Amino acid sequence: MDLSFNAEERAFQDEVRGFIAENLTEEMKRATALTPSVFSDPDVGMAWQRALHSRGWGAPGWPVEYGGPDWTPAQRWIFETECARAGVPNVNVMGVKMVGPVIIGFGSPEQKNFYLPRILSGEDYWCQGYSEPGSGSDLSSLKTRAVRDGDDYIINGTKIWTTHAHHANRMFALVRTSDGPRQQDGISFILIDMKTPGITTRPILTIGGDHEVNQVFFDDVRVPVANRVGEEGKGWTYGKYLLEFERGAGIASAKLREGLKAIADLAESDLTGRAIDSPDIATRISEVEVDIDALEMTELRVLSALQTGQNPGAVSSILKLRNSEIRQAVTRLGADVIGHDALAVEPMRPLYKLNHEPPIPEEMLTVMPEYLNGRAYTIFGGTSEIQRDIIAKMMLGI
Amino acid sequence: MDLNLSDEQKLLRESAERFVAESYDAEHRRKMANDPLGFSPAVWKQFAELGWLALPLPEEFGGLGGGAVDIGILMEAFGRGLVSEPYVATVVLGAALIERCGTIEQKQASLPKVADGSLKLALAHSERAARFDLAKVATSANKTGQGWRLSGSKIAVLDGHAADEIIVSAHIHDHRGPSGRIGLFLVQATTPGLVISDYPRLGGGRACNIELCDARLPEDALLGDGSDALPAIEWAVDRAMAALGAEAVGIMQTLLDTTLDYTKIRKQFGRPLSANQVIRHRLADMAMQVDEARSMALRAALKADSAPVERARAASGAKAKIGKCARFVGEQSIQLHGGMGVTEELEVGAYFKRLVAFDTLFGGSAHHYARHAELGRRAISA
């Protein structure tokens, strides 16, 4: 057993560092640090995606024939870790990490040829149409309906929590094409052009003051049948496959560590009257750091298993659960560290383009929005309660 | 970067798990709980034959040259069966300190005997007034013309009653007075002036308090050249915490397995306990904490030979986190067993008590989170 990297891996690490040094601008870094949402705004995120793509690194998880870089799990670990350390933009994952793998796994040759290059280059910007107002954790109870009419489906219904729907030109959605014996039957996976007539988007403001999610309405929206991925009625299978990608991203500890470091820096600074001098704060920083250490080791154990072709098992739910809980612990700590400055609300967005002096130092501006918006970490992508159900069922057999 | 077990490590794990499953059953544990020695000399002999006592010792002194990860593999298996043999006292603490501090003669005299099972050791370091501060030692060692005279009191000495030699820490006083250095002294169990009062230890095995009243030791009782032994003590205790952490993981895994089985069988209101979501989620949390503890024990072992601050932070982080997980898993195991969990009729309580002992030994979670924080700040300001 060995925690250190071998010579090849170290060379790759240098390569990644070199790439980041060359391509990550100060503007991108500042915009990323001052964005209290899950994803960077599209202009920032897609600029980074284009840089990655031009280096051949646009889709680390994809097979080589579709433009993946053919990295080992260790290389992916190094890449993600270096990106987190450097503070690169948080590219919207809906394209590369979500719909991409489904199209690769289940799409037609025409769909692959058309969509995959546009995902890689950042030409298309995707959003996800899964949840509905009446279907949260019980996703397969969804009611948005697609009725066949010649070579088209006519779609009616509504989707909610649609991240960046107001930026996206495409949506992948789960819609009901028939009613089967089980509610999971009769669901189809469909790709929708957001410019299609009949689609309207309503912004939803989250409690941190950010517009990241939306509700999307469909009124007699015509979508070609050719836009369906895979078989009609098999969408639940494809959607579940994708949710596993969403949960099992598997390399989250590096980002958590950077988040904690930012809070620890604030705690060590005169801006907070050196919050760290309170033994309570110092100990809590250590508690969170140790939790990150544990998560990192679990990620590395999974990675090692993957390297030798072993199946790591139902651990992706553990990773999702711990990642979301620790992210919340980091933001909660941040809210406590900044003390009275937690009272200040800066409503303008984006925070990196304010045209006035903010009420508190810039280093603190994202702390409260991140804490408040961060309550969603344990809700999206399957709530913590759902994850515990999965752990009980898959790991413990109950 | 590779965290997969080597073929040798897989064999070690298999043989340790098999040994524990075959020779360490409930009846054996009950017998040991009432045994004045607290462990079985026959089992100790088998440990020697299996090469486990030699495992981490250097090859030139009859050892197998294994590392902290290997010890962890063994300890996790020990935890599953609640093994009570004095492995940590003799091998992980005692032999390691002799290896690190001793002269070549001292190593030659002791280490091969540890490996073949003929020498048992213990470390007497903790003192009542020091609480968990390893640097605080009131016991004194005065240099005389013939050797040394040791006086002082030590508490919570693991397996000291069974040790042939006890390694005692003491402040070195030479003819000019206190030297400011802590020395480690090899004290024969039969030394006049040494009084051992042993007691049954929480969770199995035994521990003791010892009194030293002007105990006379020969000149060569001092390990090594008399340079300050505090860094070595910190090193050895950090390694012991990593080993005990792995043992705690084995204990927690057994408790999880046992509790899971019980909730499937036990019926209330006409259905198994495990049919209730509140129970399933509790078990999911327990499983998650066992997994986190496993990660932390492995991490501490992998960093057991890193630079002191990195090693110490990994050890304290693991000790704190595993302690917290251990309390949760142990307490919830009892909770889910209901009233029977609080009785001596089931073994859940025995496993739980060993976890509580783990959490307390060398300082609980609060102490180690604080040490972790303090070391982190020192690392930043350095």
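The table for this structure:
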| item | result |
| --- | --- |
| So residue A:362, is it touching a residue at least 60 places away in the same chain (Cβ under 8 Å) and away from chain B (no Cβ under 14 Å) | yes |
| Qualifying positions in region B:332-367 - β-branched (Val, Ile, Thr), assigned to a helix (DSSP H, G or I) and more than 16 Å from the chain's Cα centre (by Cα) | B:334, B:342, B:348 |
| Test: residue A:264 is within 14 Å of chain B (Cβ to nearest Cβ), without any contact (Cβ under 8 Å) to a residue 40 or more places away in the chain and either polar (S, T, N, Q) or crowded, with 18+ Cβ neighbours inside 10 Å (or both) | yes |
| Hits in region A:349-359 (condition: closer than 22 Å to residue A:26 by Cα, without any contact (Cβ under 8 Å) to a residue 24 or more places away in the chain and either among the acidic types (Asp, Glu) or surrounded by 12 or more Cβ atoms within 10 Å (Cβ to Cβ) (or both)) | A:354, A:357, A:358 |
| Candidate set from region A:386-398 (those that are at the interface with chain B (Cβ under 7 Å from one of its Cβ atoms) and in contact (Cβ under 8 Å) with a residue 40 or more places away in the chain); member that is surrounded by the most Cβ atoms within 10 Å (Cβ to Cβ) | A:391 |
| Residue ranges of helices (runs of 4 or more DSSP H) in region A:31-143 with at least 1 members over 30 Å from residue A:305 (Cβ atoms) and either free of Cβ contacts under 8 Å to residues at least 24 places away in the same chain or hydroxyl-bearing (Ser, Thr, Tyr) (or both) | A:42-54, A:109-121 |
| Unique residue being under 30 Å from residue A:302 (Cα atoms) and of a type in the set (Gly, Ala, Ser) when the list is A:250, A:186 | A:250 |
| Any pair with Cβ under 6 angstrom, 6 or more apart, that starts in region A:273-291 at a residue that is facing another protein chain (nearest Cβ under 8 Å) and without any contact (Cβ under 8 Å) to a residue 60 or more places away in the chain and ends at one that is crowded, with 21+ Cβ neighbours inside 10 Å and among the aromatic types (Phe, Trp, Tyr) | A:283/B:369; A:286/B:369; A:287/B:369 |
| Qualifying residue in region A:325-348 (condition: in contact with a Gly (Cβ under 9 Å, 6 or more places away or on another chain), among the small types (Gly, Ala, Ser), buried (at least 19 other Cβ atoms within 10 Å of the Cβ) and within 14 Å of chain B (Cβ to nearest Cβ)) | no |
| Residue list for region B:129-167, restricted to those being more than 21 Å from residue B:359 (Cβ to Cβ), aliphatic (A, V, I, L, M) and assigned to a loop (DSSP other than H, G, I, E, B) | B:135, B:137, B:138, B:163 |
| Any hit, region B:221-228, residues being more than 29 Å from residue B:79 (Cα to Cα), charged (D, E, K, R), touching a residue at least 40 places away in the same chain (Cβ under 8 Å) and surrounded by fewer than 20 Cβ atoms within 10 Å (Cβ to Cβ) | yes |
| Selection count where residues are surrounded by 20 or more Cβ atoms within 10 Å (Cβ to Cβ), of a type in the set (Gly, Ala, Ser) and more than 7 Å from chain B (Cβ to nearest Cβ), scope region A:292-314 | 0 |
| Single match in B:329, B:342, B:309 (criterion: surrounded by fewer than 22 Cβ atoms within 10 Å (Cβ to Cβ), touching a residue at least 12 places away in the same chain (Cβ under 8 Å) and assigned by TED's automatic domain parsing to the domain that holds residue B:359) | B:309 |
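The values are calculated or read from the model by the stated rules, or taken from the named source; none is laboratory data. Just so you know, these numbers come straight off a predicted model, no measurement behind them. Neighbour counts are summed over all protein chains in view; Cβ atoms, including those assigned to glycine, are modelled from backbone coordinates with ideal geometry.
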